[in-house]
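One structure below.
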Amino acid sequence: MAGIERFYPLFQPEHYDLFIDVNREQKTITGTTKIRGNASQAKIAVNQKDLQVSQVRANGNPVPFTTDDEAEAIRIELPAAGAVELELDYQAPLTDTMMGIYPSYYEVAGEKKQVVGTQFETTFARQAFPSIDEPEAKATFSLALKFDEHPGETVLANMPEERVENGVHYFAQTLKMSTYLVAFAFGDLQSKMTTTKSGVEVGVFATKAHQPKELDFALDIAKRAIEFYEDFYQTPYPLPHSWQLALPDFSAGAMENWGLITYREALLLLDPDNTPLETKEVVATVITHELAHQWFGDLVTMKWWDDLWLNESFANMMEYVAVDALQPDWHVWEMFQTSEVPMALSRDATDGVQSVHVAVNNPAEIDALFDGAIVYAKGARMLVMVRALLGDDALRKGLRQYFVAHQYGNAEGKDLWQALGDASGLEIGKIMNSWLEQPGYPVVSATVTDDGQLTLRQQQFFIGGGTDKGRQWQIPLDSNYAAAPQIMDKPELKLGDYKSLRKQAGIPFRVNVGNNSHVVVQYDPELLADILEDVETLTPIDQRQILQDLRLLASAQRIDYARLIPLLQQFAESESAIVNAELYAVANSLKMFVTPGSPAEQELREFFGKLVQANVNRLGLLPRTGESNDDQKVRPIVFNAALYAQLPDIIEQAHTIFTDHHAGLVSLPADVRALILKNEVQNYGSADLFDQLLTDYTTTNDVNYREDLAAAVPNVADPQLAERLVSQFKNADVIKPQDLRAWYRGLLANELNQQVAWDWIRNNWDWLEATVGGDMEFATFITVTARIFHTPERLAEFKAFFEPKLETPGLEREIKMDTRTISGKVDLIAGEQAAVLKELTRNV
Ligand SMILES: [Zn+2]
């Protein structure tokens, strides 16, 4: 495949006049783009994809041009280099790909409707208008938009509308910005508005399929988040408004278009009266993530896609910083520990993983960059390390300098390190480059050596094997012993005589207290026993970390997997949500060691029954008013485990709750709704129930209820129903392509239905590629498959199917890593199964 040709050096746009006419009925886009700029040479090119350009004029005169689809461009011959105004007339089809300009489909009171929106990141602006579609090519934009308009429709863009003339909507000229952040939308929308202290207009927009109250939560968070960032960054929000728009069809989670942020409906809208706290936290972090980008990403933008991490890592850290400031009672950094941290630690332990900063060699690799576990989660962990080293005062001072130096322009990683280094006096770049430029992370081994010395060593950590290339990291140690330095920058450190250090400190030795450093810690048995003795006195984050590190070490076969089993009982009465989340992550991982239907599986179910007892008895199945945040979150975790345990009284109780709400299932308490439905589908399933739930799925406008249904229905126990379910996978009227992965994954995770799901994806791969292949989430269909498979048979089938696809642009790394993920589990099970099953028998 051809490398990426960059056109900005040839032609530097200053201003675009965009005229775009969208016809929903005829499914066409017609446009004229005027670009004023400077041509460095006479032969230039501008990006386009799937545009039929009929004429190109330079300073009013037609000039010769050729279309180069391979380079996603048209090549233009100007009479001479220098200042020029280009004018291009074009047409394009309006397609349903969720890229470029695209319609979203929904129904209100039985009437099918459309709202049109845009998605230009990464390289899809070129599908909407000819442009130098590179982040560095910042320019101003004046948009004139026409469409087959119906009375009462709303039209939105990056900037406020200035006037309407002859059905054309003219918007104020933007500030200098990148093409991928341009956005507009129109349709029959409702909205809620407010204004920040500094006078920024904030709005939330959604289709009228939703109840007005579903917009309230987002409006409150968005307003307060903008106020928070204006203060934290010491830099005003740069635009007159900040619109948040929920689109019924949306491929990613949300998109930070400057002034017009677009969201998946389930990540913006919620029923304030019946939504789990955890969902509120997720929605809040998505909003604060996108709003963090309005400065970091939009005002200052990465120079090229290889520095995507600069945008995403930063926004992924700031989303937590902001929510923690807005809702301190949520302890949202605990959620960071359950979402970002384990995701980064498991993926980054697989050999072949990309580094956070990575070169981009061909266009398909741009989309492959959006690896949630690396660019987002690991990157955020890196910045959390930076923040811990710097403190907030220096961080804020450095950020302000960074914004002042680079606003309306572009930056690279080194520019951020420079600004933060200047503000703190620390050599941030030197420390961070070991994390940024190298894939993977270290295991820090803490041992008492034969001479009695407390010794630390670092070495790259692999799950599923890997080649040790001698990589070393600069590790913030965060030890509770003063003898440990702030940064470990050597392969080995001797901290002194263990006995005297232990006596002096009076507490067990630990490193990575608070779990901010991106490492796994392996204590020798003596040191570990010392910690475990009083493990209850540690913070929930630290308790969770101990369990999590042991799970990872066991997955890497550095300790016995069976060792985890008695440990689980030690934590089983914990009332902390994040400890329970990890406890059941470990417990669930034991499922791969038991064959479905075997006596060993029965023992594992019994073991689950013992684990859940204390918390299930304490909490019951239904939420109670006034209970703690932890109790709200622990309940669904232990409820789900109790269903696996097949506890008869739990199954019956859940069935009774279902029956009480049969007339309106949406009114089930949302905290446990998915589990009540799952229990019903699994244990009381019928074709009638299946039909009812699928009908609810297609007709309800409550987005959280929809997600609960998608989580529950794939648990059907009747193979015929599973077949009926996959027969709807290609029917966008039932399951939208954006939601398909969740359904596929759900079916695949259920042993009974795994074959049906696996056959479906293999038989329909071409359709899948044609439908969602162009977007950045496509490869995750492979990822979710590999997370579930763990037998030699599935490994062989996986390889047989995916290895011939290694050449598909953007899929190579994913297929190789996922193959390693499965083969790692196959090896692990072969090596540890006998001991795990023996230990299980001992513990039931
Ligand atoms: Zn982002």
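Every number here is computed from the coordinates shown, using simple stated rules; none is lab data. All of these numbers come straight from a predicted model, not from anything done at the bench. Cβ sites come from the backbone with ideal geometry, for glycine too, and all protein chains shown count toward neighbours.
Quick notes on this structure:
- If you plug the beta carbon distance of Glu153 and Lys730 into 1/(1 + (r/R0)^6) with R0 = 30 Å, you get a FRET efficiency near 0.45.
- Computed across segment 494-595, the Kirkwood radius stands at 14.6 Å (inverse of mean 1/r, all Cα pairs).
- Three semi-axes of the equivalent ellipsoid, segment 179-228, Cα gyration tensor, whole Å, largest first: 20, 17, 9
- Angstrom value of the Kirkwood radius, inverse mean 1/r, which spans all Cα pairs in segment 333-405: 14.0 Å
- Count Lys and Arg as plus one, Asp and Glu as minus one, and take only other residues whose Cβ is under 11 Å from that of Glu136; the net charge is then -1.
- Cβ-derived FRET efficiency at R0 56 Å, Gln755 paired with Thr194, nearest 0.05: 0.60
- Segment 442-544: antiparallel DSSP beta bridges as a percent of all, rounded to 5: 80 percent
- Binned Cα-Cα distance frequencies in segment 1-187 - 5 Å width, integer %: 1, 8, 17, 22, 20, 15, 9, 5, 2, 1, 0, 0
- DSSP assigns beta bridges within the chain; of those with both partners inside it, close to 75 percent run antiparallel.
- For segment 725-829: rounded, prolate or oblate by the Cα gyration tensor [a/c cutoff 1.5]: oblate
- Helical contribution to [θ] at 222 nm, DSSP H n ≥ 4, -39,500 (n - 2.57), averaged over the chain, rounded to 500: -13000 deg cm²/dmol
- Size of charge dipole - the chain - debye, nearest 20, with Cβ of Lys, Arg +1 and Asp, Glu -1, no other charges: 1180 debye
- Antiparallel DSSP beta bridges within segment 1-187, percent to nearest 5: 90 percent
- Ratio of the Cα radius of gyration of the chain to 2.2 N^0.38 Å, where N counts its residues: 0.97
- Listed residues Met343, Ser598, Ala830: farthest to the positive end of the dipole of the chain (Cβ charges): Ala830
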